[in-house]
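Student: Mind looking over this structure? Questions follow.
The values are calculated or read from the model by the stated rules, or taken from the named source; none is laboratory data. Bear in mind the structure is a predicted one, so any value in this text is a computation, not a measurement. Heads up, the Cβs are rebuilt from the backbone with ideal geometry, glycines too, and the neighbour counts pull from every protein chain shown. The accessibility values were calculated without ligands, DNA or RNA, using every heavy atom of the protein model including side chains. Shrake-Rupley method; radii C 1.70, N 1.55, O 1.52, S 1.80 Å.
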Amino acid sequence: TWISTLRHFGAFDGVPTIGFTATMSRADKRGLGEIWQHIVPRPDDPSAVWDTLCGIQNGYLCDVRGIRVKVTSLDLSGVHIRAGDLAQDETAEAMLNADTGAAIARACREYAPDRRGTIFAPNVETALDFTTEMITAGFTTETVLGTTTNEERTAIYARFRTGETQYLVTA
C-alpha cells in the first residue's frame, strides 16, 4: 500500500520524495533499494553518524538528545514477536500493567518540563492512558488518533505549534 500512496502523490513522476523507516528488515523481504535511490545506513553502521550529523549541520534535521528512561516494572519477556517486531497488543498490555504512562510523565517532569514533545503509544488504550498521566502530572497534553477528525487535528496541531499544548500523544 505504501507504493500506491507514493504513486498517488507523484513520487515516481518527478515529485521530490524522501522516505523514513524504523524497520529496515521487512517481513515481505522486499528491499527498500527497489524504490529509493539512496539508502542512509542503519544506526549501527558508522557511516550513519556522518549522514545524521550532515543533515543536522545543514538544517535538514533538528539536533537531538536522547535519554533512556527505564521502566523497572516493565516485563516484555512474555511478549511474542510478530513479523519481526514485538506484538503490539501484548506490548500495550505489558506497558499498562507496568504503569508506563506515569513513568513517562515523571521522566518528562525531570528531563523536559519546559519542552514540547510527541509520545508514541502502541495502541489507543495506552495513548489515552499516557495522555491522562501527562495531564495528571500538569502537562497540557492532547491525543491524536486515527479517529481524530481533520478539523480536530488541525486545531490540535495549531495549539501544539503555539505552545498552548505541550505534548502530543499518538498511537
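Student: What order do you get for 101-114, 144-157, 62-75 when each peptide is scored by the mean count of other beta carbon atoms within 10 Å, highest first?
Tutor: Put in order of decreasing packing, that is 101-114, 144-157, 62-75.
Student: What three numbers, in Å, describe the spread of the alpha carbons of the range 82-126 along their principal axes, ordered from the longest?
Tutor: 37, 19, 17
Student: Out of the DSSP beta bridges found with both residues in the chain, what percent are antiparallel (nearest 5)?
Tutor: Once the DSSP bridges in the chain are tallied, antiparallel ones form about 20 percent.
Student: Helix-derived [θ] at 222 nm for the chain: sum -39500 (n - 2.57) over DSSP H runs of at least 4, divide by residue count, nearest 500?
Tutor: -12000 deg cm²/dmol
Student: Please work out how much accessible surface His8 shows to a 1.4 Å probe, ignoring ligands, DNA and RNA, in Å² rounded to 10.
Tutor: Only protein atoms counted, so the area is about 140 Å².
Student: Next question. Quick check for you: with a 1.4 Å probe and neighbouring chains kept, what is the accessible area per residue of the chain, in Å²?
Tutor: Result: 71 Å² per residue.
Student: Sticking with this structure for a sec: Rounded, prolate or oblate: which fits the range 116-171, taking a ≥ b ≥ c as square roots of the Cα gyration tensor eigenvalues, rounded meaning a/c under 1.5, else prolate when a/b beats b/c?
Tutor: In terms of gyration-tensor shape, oblate.
Student: Quick check: net charge around Tyr167, other residues with Cβ under 14 Å of its Cβ, Lys/Arg +1 and Asp/Glu -1?
Tutor: Neighbourhood net charge equals +1.
Student: Further, regarding this structure: Give the separation of the Cα centroids, the range 51-112 to the range 128-165, in Å.
Tutor: Cα centres, the range 51-112 to the range 128-165: 19 Å.
Student: Over the alpha-carbon set of the range 78-171, divide Rg by the Kirkwood Rh and report the Rg/Rh ratio to two decimals.
Tutor: 1.01
Student: Taking 8 Å as the Cα distance limit and 6 or more residues as the minimum spacing, I'd like the relative contact order of the chain as a percentage.
Tutor: Relative contact order of the chain: 16 percent.
Student: With a bin width of 5 angstrom, please list the P(r) values of the chain as percents of all Cα-Cα pairs, from the 0 bin to the one holding the largest distance.
Tutor: 1, 7, 11, 14, 16, 19, 18, 11, 3, 0, 0
Student: Right, next: What ranking, highest mean first, results for peptides 83-91, 128-136 when packing means the other Cβ atoms within 10 Å averaged over each residue? Write down the numbers at each step before the final one.
Tutor: Values: 83-91: 14.1, 128-136: 19.8.
For the peptides 83-91, 128-136, the packing ranking is 128-136, 83-91.
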